[in-house]
Each structure stands twice: as structure tokens, then as C-alpha cells.
Amino acid sequence: MKKILSLFITTFAAVSLSAQASHTITASGVAYVPDTLTVNMGDTVKFDVSSMHPTTEVDLSTYLANGNTPLSGGFSFPTGQGFFVASTAGQMFYICDNHISQGMKGMVMVNPHVGISKVRNGEHTLYPNPVEDKLHINLSEPQNIFIYSLDGKIVEEFENAETTINVAHLNSGTYILVLGEGQNIERIRFIKK
């Protein structure tokens with residue numbers, strides 16, 4: 001009995017350490033809530049603020065100067081709605097384009113990834129990765145698949161996808177493939193050549 005209990009606790013701990021979380025940033029007046037957020041690599045950060053608060057990623061010097069120069073390649077949510085997957089450890093800075101003069105800005109601290117990849121219905125794998133044309137996925141049943149750019153924008157959606165999807169038309173770069181819906185989401189990064 002002790003061995004079974006020990007195995008259960010070890011398995012639960014491993015799955016708990018690997019779970020990817022979702023965090024939401026809202027607004028109250030001219031302040032982000034929270035204005036400083038700590039997440040782990042692989043977590044999703046969602047912005048759910050109104051169109052009165054277009055949100056743009058900036059670099060540290062722009063953030064400190066209360067400026068509004070966008071970070072090249074950074075995220076931008078003109079409607080105040082959007083999300084990104086934290087893919088690089090470090091600090092990310094963002095501002096409200098309309099209210100930076102009133103100090104509306106925030107920061108996301110991304111911790112390095114620890115633990116194992118999240119497992120849902122067995123481990124899904126993609127191949128080849130990097131990919132040129134066709135991406136193969138080991139699915140046990142057809143699923144809806146979404147492909148996001150690193151700035152959190154949907155670039156492709158496949159309904160009831162089987163085991164192969166065509167990604168030939170995507171620009172070169174890194175993308176996040178999302179399987180599942182609601183609480184049962186798995187994210188897998190891939191590179192398009």
C-alpha cells in the first residue's frame with residue numbers, strides 16, 4: 001500500500017509541476033491589474049482590458065521613460081484584448097498607448113521552465129520540427145487545432161484535424177500549436193522553415 005501511495009504522490013507532483021497556467025490582466029481605471037505578474041515559461045498571459053486601453057510591448061528604457069515606442073517584434077493588442085504564450089525567460093514590459101502619460105504600464109516576469117512537458121491524453125508529438133510543408137501530429141481522434149504567432153494572434157485554425165496539417169503558406173518563424181479547449185489545452189512549439 002505504501003508503494004502505491006508513494007507512486008501516486010510522485011505522479012501527482014510531476015504532473016502538478018508541469019501544468020501550464022493561464023493568467024489574466026485586467027484594468028481598473030488607468031491601472032493594469034495586476035501591474036506586475038510572475039509566470040512560468042509556457043504559461044498563457046491574457047489581456048482582457050477595453051479598447052480604451054490599447055496595449056503594446058516596449059523595451060525597458062521606454063518603460064522607465066513612460067514612452068510609447070513599440071518593441072520591434074513585440075506584442076500589440078489595439079483592442080485591449082489578446083494573449084501570448086510566455087516563451088522566453090526574463091522580463092516583459094508593456095504600456096497603455098492612451099494612458100502612458102498617466103503611468104498606465106505593467107511588467108511580466110517569466111521564470112525559466114522547470115519540470116516536464118504537460119501530458120494530456122498521452123504525449124502529443126509533432127514532426128518534422130522544423131517543418132517546411134506538412135506537419136504530422138499523433139492524435140488519437142480528430143481535434144480542433146489552432147496555430148498562434150508568438151504575439152498571441154491566431155494565424156490558422158483547423159476544425160476536426162486528423163494527423164497531418166498543411167503549414168506551407170505560413171511565414172518562416174516560431175509558432176505555438178494549441179490542441180484542445182477550456183481547461184484541457186496543450187501547447188506545442190514548432191518552427192516553420
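Once you list every other residue whose beta carbon is under 12 Å from the beta carbon of Gln91, what net charge do they have if Lys and Arg are +1 and Asp and Glu are -1? Taking every other residue near Gln91 into account, the sum is -2.
Taken about its Cα centre, the range 126-192 carries a charge dipole of about 280 debye when Lys and Arg each add +1 at the Cβ and Asp and Glu each add -1 at the Cβ.
In this label model, Ala21 and Thr79 are separated by 2.8 nm, measuring between points 7 Å along each Cα→Cβ vector. Placing unit charges on the Cβ atoms only, positive for Lys and Arg and negative for Asp and Glu, gives the range 21-111 a dipole magnitude near 40 debye about its Cα centre. Please give the net charge around Thr24, taking every other residue with its beta carbon less than 10 angstrom from that of Thr24, where Lys and Arg add +1 and Asp and Glu add -1. Once all neighbours under 10 Å are counted, the net charge is 0.
Note on Ser50/Ser87: beta-carbon distance plugged into 1/(1 + (r/R0)^6) with R0 of 25 Å gives a FRET efficiency of 0.40.
For Gly152, neighbours were defined as the other residues whose beta-carbon sits under 13 Å from its Cβ, and their charges (Lys and Arg +1, Asp and Glu -1) total -1. Computed extension gain for Ile191 through Asn171, at 0.36 nm per residue and net of the alpha carbon distance, reaches 6.2 nm. Length gained on full extension, Thr164 to Met109: 16.2 nm, using 0.36 nm per residue less the C-alpha separation. Toward the positive end of the charge dipole of the range 126-192, with +1 on the Cβ of Lys and Arg and -1 on the Cβ of Asp and Glu, the farthest Cα among Phe146, Pro128, Thr163 is that of Pro128.
No value in this document is a laboratory result; all are computed from the given coordinates. What you see is a predicted model; the values in this text were computed from it and never measured. So basically every Cβ, Gly included, is an ideal-geometry build from the backbone, and we count neighbours across all protein chains shown.
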